[in-house]
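The values are calculated or read from the model by the stated rules, or taken from the named source; none is laboratory data. Here the structure is a predicted model, which means the values were calculated and not measured. Note that we place each Cβ from the backbone using ideal geometry, even for glycine, and neighbour counts take in every protein chain shown.
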Amino acid sequence: MTGKLGDRLLHGYTWLIIAWLTAPIIVMIMFGFNDKQSKSNTSWQGFTFRWYGELFADSSLTGALVNSLQVAVVSTVLTTVIGTALGLALGRHRFRGRGVSNFLVFAAISTPELVMGASLLSLFVSGNTPRGLATITIAHVLFSLSFVVVTVRARVVGLDPSLEEAARDLGAGTWTTFRLVTLPAIMPGVLAGALLAFALSIDDYVVTSFVNGNQLTFPLWIMGSVKVGIPPQVNVMGTLIFGIGVAIAIANAVASRRRA
Amino acid sequence: MRRVRATAAPYLLALPAWIWFGVFFVVPIAAMASVSLTTGNILEGFQQTFSVSNYAAAIGQYHTQMIRSLVYGGVATVIMLLLAYPMAYWIAFKGGRRKSMYLFLLLLPFFVSFVLRTISWGFLLADDGILFGPLKSAGLLPQGFHVLATEFAVIGGLVYNFLPFMVLPIYVALERVDPRVIEAAYDLYASRWAAFRRVVLPLSLPGVFAGVLMTFVPATADPVNARVLGGTGTTMIGNIIQTEYMTNNDYPTASALSFTLMAVLLVGIFVYARSLGTENVLEAAAR
């Protein structure tokens, strides 16, 4: 559409947007090293490693992080099992209820988080259900389920059915075929779905804020202390989570490139 | 025996997800509908009266915030579309072998918690923060200058947080455009602009459609940006619903508001799909 000059402008523009998207991350990392004296952590007051040493000094913050990890692990396992099963059914079989299933998957993705959280709270209030880690986990499975189904379904659809037929012709039973042929073949989709579920769970604020009762997760703890000032430990934890996430993503990319 | 198991397989596989969706998605929406038609309060209990008075009262009291949310969500979506398209275009057509690197950089913010990202924005924009603090002490900005607690900060935060969800679908649509189709347009003496407007742009519309859906709904219903970056004059409907549920324990009003929000968004999506031509969009997406 554009000539050489236009290309260069667009190239620069792309980098400008990337810089803008990255700026708050740099600020987050930087203020984890801020040697702040006053309560507010908004102006730069010198470099320190102090907060890395005192990472777990605030027990309520540490507790919230532990809650987040616990919920993320349990909900990821549940979501992956339930979602992979539906993904297999939708990708492989024609059955009654297929249309309804697809509709539910789509509806759950497109419902605003706020409405999902509010409706779950309505259910728990109507049923007098005590709210806590269990209800948070239920909610997290619900909002990540569709994403696992979609990722696994895409992988199953791309799978050659003759592989499974060959296994069955060679005398493998349903379970053996699944374990030795189907599962390894769809594994990348299952893992991608599981990673997505974990990321969605550990990051969620909106839905969790409705069903948490008196339990706090990491994002809830942070939101609760916005008005009084965020301690630098939050920046440090954010930096560490960011570092681990990026490292996993890069390692994954390198590994898949080697395989190719 | 084998045959029976084979036909039962899809139902057994789908059953757990059906139960989860049924009990924790369909039933709660119904529960919310039923709560929105009750009267009473948390101390004396709620009675099912099937009265729509909650809706009238809720909309009467909070229509300002409802309209404000739709305006903020709409403005943010338009800005995102304008920002995202050129970037998606450049990555899809000129990214070459570094395409995946650009996409990775675009997704970098997602490795930081949504809440924390928004707060870091607040850091940047703070009245005495690293951006405005030095400018103010140098006398380049008046002391009273502030961005936080204004609609600019809130809409800016929404744009920042949801922009990648606009870029990705447009990128995917553009990336699928066959370069030979564009060459054909040039062979038929189309100018660069005509080739873009009449070939590339129409082919990318499904991506634009998906991008708008993926950003407008969460941006309009978002309570985080208004709470962290906004002030008393920028309260959005998400904040009201949270307060009504969690602080005021006024479940009927909160349910009525949630339902109204969902209905407004659904109608919005429907009108938008119709005005763009659902058939065109679906047809293009299927290709």
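The set of residues in the range A:201-249 that are modelled with pLDDT under 90 and either among the aliphatic types (A, V, I, L, M) or over 27 Å from A:G53 (Cα atoms) (or both) comprises A:V226, A:V228, A:I230, A:I248, A:A249. Can you pull out the residues in the range A:42-59 that are touching a Phe, Trp or Tyr at 6+ places or on another chain (Cβ under 6 Å) and closer than 19 Å to B:L131 by Cβ? The answer is A:T42, and nothing else. Selection within the range A:52-77: residues that are small (G, A, S) and in contact with a His (Cβ under 8 Å, 6 or more places away or on another chain). The member of this set that is surrounded by the most Cβ atoms within 10 Å (Cβ to Cβ) is A:S75. Out of B:K136, B:K94, B:K99, one residue alone is surrounded by fewer than 20 Cβ atoms within 10 Å (Cβ to Cβ), of a type outside the set (G, A, S), more than 7 Å from chain A (Cβ to nearest Cβ) and under 25 Å from A:G12 (Cα atoms). It is B:K99. When the range B:103-127 is filtered for residues that are among the β-branched types (V, I, T) and under 15 Å from A:A199 (Cβ atoms), the ones remaining, listed by number, are B:V112, B:V115. When the range A:112-134 is filtered for residues that are free of Cβ contacts under 8 Å to residues at least 12 places away in the same chain and more than 7 Å from chain B (Cβ to nearest Cβ), the ones remaining, listed by number, are A:G127, A:N128, A:T129, A:A134.
Summed over the range A:23-66, the residues that are away from every other protein chain (no Cβ under 14 Å), of a type outside the set (F, W, Y) and in contact (Cβ under 8 Å) with a residue 12 or more places away in the chain give a count of 9. Looking at the range B:171-229, the helices (runs of 4 or more DSSP H) lying wholly inside it that each contain 3 or more residues that are within 30 Å of B:T150 (Cβ to Cβ) sit at B:201-220, B:224-229. Within the range B:93-122, residues that are closer than 13 Å to B:Y160 by Cα sit with their Cβ atoms under 8 Å from residues that are among the basic types (K, R), at 6+ positions apart or across chains, in these pairs: B:P109/B:R117. Count of the range A:215-234 residues, restricted to those that are part of a helix (DSSP H, G or I), facing chain B (nearest Cβ under 8 Å) and not aromatic (F, W, Y), is 4.
Has the range B:92-115 got any residue that is outside any helix (DSSP H, G or I) and more than 23 Å from the chain's Cα centre (by Cα)? Taking every residue of the range B:92-115 in turn, at least one turns out to be outside any helix (DSSP H, G or I) and more than 23 Å from the chain's Cα centre (by Cα). Summed over the range A:78-96, residues that are in contact (Cβ under 8 Å) with a residue 60 or more places away in the chain, surrounded by fewer than 22 Cβ atoms within 10 Å (Cβ to Cβ) and not charged (D, E, K, R) total 2.
Every listed requirement among (1) loosely packed, with under 14 Cβ neighbours inside 10 Å; (2) hydrophobic (A, V, I, L, M, F, W, C); (3) within 24 Å of A:V228 (Cβ to Cβ); (4) within 19 Å of the chain's Cα centre (by Cα) is met by B:A226 save one, (1).
Scan the range B:30-60 for residues that are in contact (Cβ under 8 Å) with a residue 40 or more places away in the chain and more than 11 Å from B:P252 (Cα to Cα) and jot them down. Once the filter is applied, which keeps residues that are in contact (Cβ under 8 Å) with a residue 40 or more places away in the chain and more than 11 Å from B:P252 (Cα to Cα), the range B:30-60 yields only B:I59. With respect to (1) assigned to a helix (DSSP H, G or I); (2) within 12 Å of chain B (Cβ to nearest Cβ); (3) surrounded by fewer than 16 Cβ atoms within 10 Å (Cβ to Cβ), the lone exception for A:V207 is condition (3). For the range A:210-238, how many residues are of a type in the set (S, T, Y) and surrounded by fewer than 24 Cβ atoms within 10 Å (Cβ to Cβ)? Final tally of qualifying residues: 1.
Does A:S201 satisfy the condition of being assigned to a helix (DSSP H, G or I), crowded, with 21+ Cβ neighbours inside 10 Å and touching a His at 6+ places or on another chain (Cβ under 7 Å)? Here the answer is yes, as A:S201 does meet what is asked.
Applying the selection to the range A:102-123, what residues are touching a helix residue (DSSP H, G or I) at 6+ places or on another chain (Cβ under 8 Å) and surrounded by fewer than 20 Cβ atoms within 10 Å (Cβ to Cβ)? Within the range A:102-123, A:N102, A:F106, A:A107, A:I109, A:S110 meet the criteria.
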